[in-house]
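Here the structure is laid out as structure tokens; the discussion comes afterwards.
The values are calculated or read from the model by the stated rules, or taken from the named source; none is laboratory data. None of the values given here were measured: they were computed from a predicted structure. Here the Cβ is made from the backbone with ideal geometry for all residues, glycine too, and neighbour counts use every protein chain on show.
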Amino acid sequence: MIKPRYFVKALALYKVFRTYQLNRKDLDKADSLSAHLKAHGEDFKLMVSMAKDTLTGKHKMNKWNMSIIVGTIVYVVSPLDAVPDIIPVLGWLDDVAIVSYALSKLQKEMERYKKEQQLQPAKI
């Protein structure tokens, strides 16, 4: 039986995401790629900040929400995704769709994070 091409690609993506370890370089790259996400760019930057602060212990978040953020960031920075980013416009549409989904699931967590940030004293 011949596996359809999309199924093989989906399995490859799953293997990459299952074993991937998010690091500071990925977070910085994700931050820089936020410009490609148009209307979601600022919210995506906020999501990256939430991940950074959670990893450093400045913010507490449940594992499920963190897994959504990590999965989204890895998808955006990974060269392996459903539609490669080198394809103009279409390459970013799948990223925008993934980010939109993540933002819809993380809305309450993001509001809580924003409130926490407002309560912290200003950094000099």
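The table for this structure:
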item	result
Scope segment 34-58; condition of a type in the set (S, T, N, Q), surrounded by 10 or more Cβ atoms within 10 Å (Cβ to Cβ) and either over 11 Å from the mean Cα position of the chain (by Cα) or within 20 Å of Pro121 (Cα to Cα) (or both); matching residues	Ser49, Thr54
Qualifying position, being at pLDDT 70 or above and not in a helix (DSSP H, G or I), among Leu22, Leu37	Leu22
Of the criteria (1) crowded, with 17+ Cβ neighbours inside 10 Å; (2) modelled with pLDDT under 90, which one Met61 fails	(2)
